[in-house]
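The values are calculated or read from the model by the stated rules, or taken from the named source; none is laboratory data. Fair warning: this is a prediction, and the values are worked out from it, not measured in the lab. Here the Cβ is made from the backbone with ideal geometry for all residues, glycine too, and neighbour counts use every protein chain on show. In case anyone asks, the SASA skips ligands and DNA or RNA and just uses the protein heavy atoms, side chains included. Shrake-Rupley method; radii C 1.70, N 1.55, O 1.52, S 1.80 Å.
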Amino acid sequence: SEMCIRDSYIAECSGMFLTTELCNCHIQAGAKKIIISAPPKDDTPMFCFGVNHKEYDRNMKIVSNSSCTTNCLAPLAKIIDDKFGIVEGLLTTVHSITPTQMTVDGPTRGGKDWRTGRASAVNIIPSSTAAAKCVGIVIPSLKGKLNGKCMCVPTINVLIVDLTVKIKKPATYQEICEAVKKASEEEYKGIVAVVEDEVVSSDFNHDSNSCTFDIKAGIALNSTFVKLIAWYDNEWGYANR
């Protein structure tokens, strides 16, 4: 009701109000600010903490915190781009079960997405992700340089991003790891972490970082082509932003 919402700061997490126009109903009911917990479907300003949050204007009433995947990918991509330059790249996010998936085989999205309609607990399901596009919005220098896909797997929580990029400035894999580690200890502290243990997904339940770079999971083909791996708790880590 209007009485409940007046002077409130709203985290719009329903997945139904993804434009400024739709969110204006909250403002009209008395809310002061709205943060959309997903990529917007219009030009609502989008921010990732640690990447472009300093561009936030306090006069903005409705903003998007983008997606959990973007919050993991964008800081890592920015560190690499700032230090070595990204020519181009592809990403794969290995994604836990989402609310839009089915318990057993059935129709989804009016029958337009047959793969997502397959039983979530017994399948690896290829899907799409808007994360690469969102990175191009929060980091304009990377617009059009990244693209990606999603693989939905039968786990409850914690995701992993595989970012494979061609870089401008040649570097060893060790030099890249050192650059990420240094950034995680300085300006990205509390946003990006680094792990050298032989971990698995459940080790990151309730991890509050946006991105945990896994040194031992990545690999380089040569001095300009590398695969970088990062973990994130898609619920808890995102909520901490």
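What to note about this one:
- Derived scalar couplings ³J(HN,Hα) [the stretch 139-150; Karplus, 6.51 cos²θ - 1.76 cosθ + 1.60; whole Hz; x for Gly, Pro]: 10, x, 5, 9, 4, x, 9, 10, 8, x, 9, 10
- Antiparallel beta bridges, as assigned by DSSP with both residues in the chain, represent about 55 percent of the total such bridges.
- Histogrammed with a bin width of 10 Å, the alpha carbon distances of the stretch 64-120 distribute as 19, 32, 27, 17, 5 percent, first bin at zero.
- Per residue, the chain reaches -6500 deg cm²/dmol at 222 nm when only DSSP H runs of four or more residues are counted, each adding -39500 (n - 2.57).
- Amide hydrogen proximity for residue 88: with H placed 1.01 Å from N in the peptide plane, the residues at 5 or more positions away or on another chain lying under 5 Å are 166.
- Residue among 64, 184, 141 with the largest mean-square fluctuation in a Gaussian network model of the chain, springs linking Cα atoms under 10 Å: 141
- Kirkwood hydrodynamic radius over Cα pairs of the stretch 10-116, then Stokes diffusion coefficient at 10 °C and 1.306 mPa s, in µm²/s: 98 µm²/s
- Average Cα contact separation per residue, the chain, under 8 Å, 6 or more apart, as relative contact order %: 18 percent
- Between 75, 107, 99, the residue with the greatest mean-square fluctuation in the GNM of the chain (Cα pairs under 10 Å linked by springs) is 99.
- Under 17 Å from the residue 19 label point (7 Å along Cα→beta-carbon), backbone N, the stretch 53-74: 62-64
- Both the radius of gyration and Dmax for the chain are 18.5, 61 Å, in that order, over alpha-carbon atoms.
- For residue 44, the amide hydrogen comes within under 5 Å of the amide hydrogens of 20, counting only partners 5 or more places away or on other chains and with H modelled in the peptide plane.
- Measuring with a 1.4 angstrom probe and ignoring ligands and nucleic acids, residue 152 comes out at about 10 Å² accessible.
- Taking every full run of DSSP H in the chain, the ones that stretch at least 20 Å from end to end by Cα along their long axis and average 0.0 or higher on the Kyte-Doolittle scale are 68-83.
- Heavy-atom accessible area order for 185, 198, 175, largest first, 1.4 Å probe: 198, 185, 175
- If you take the alpha carbon atoms of the stretch 122-241 and fit the smallest convex hull around them, that volume is 125 Å³ per residue.
- Taken one residue at a time, the phi angles of the stretch 191-197 give Karplus couplings (6.51, -1.76, 1.60, θ = phi - 60°) of 10, 10, 10, 10, 10, 10, 6 Hz. Gly and Pro are set to x.
- Length released on extending from residue 61 to residue 115, taking residue separation times 0.36 nm less the Cα-Cα span: 15.7 nm
- Cα-only Debye scattering, the stretch 87-169: base-10 log of I(q)/I(0) at q = 0.12, 0.25 Å⁻¹: -0.42, -1.12
- Taking all protein chains together and rolling a 1.4 Å probe, residue 235 ends up with roughly 110 Å² accessible.
- The stretch 62-139: relative contact order as a whole-number percent, Cα under 8 Å and 6+ apart: 31 percent
- The heavy atoms of residue 56 present about 90 square angstrom of accessible area, all protein chains included, probe 1.4 Å.
- Here the chain is treated with +1 on each Lys and Arg Cβ and -1 on each Asp and Glu Cβ, and its dipole about the Cα centre works out to around 680 debye.
- Around residue 44: net Lys/Arg minus Asp/Glu count, Cβ-Cβ under 15 Å: -2
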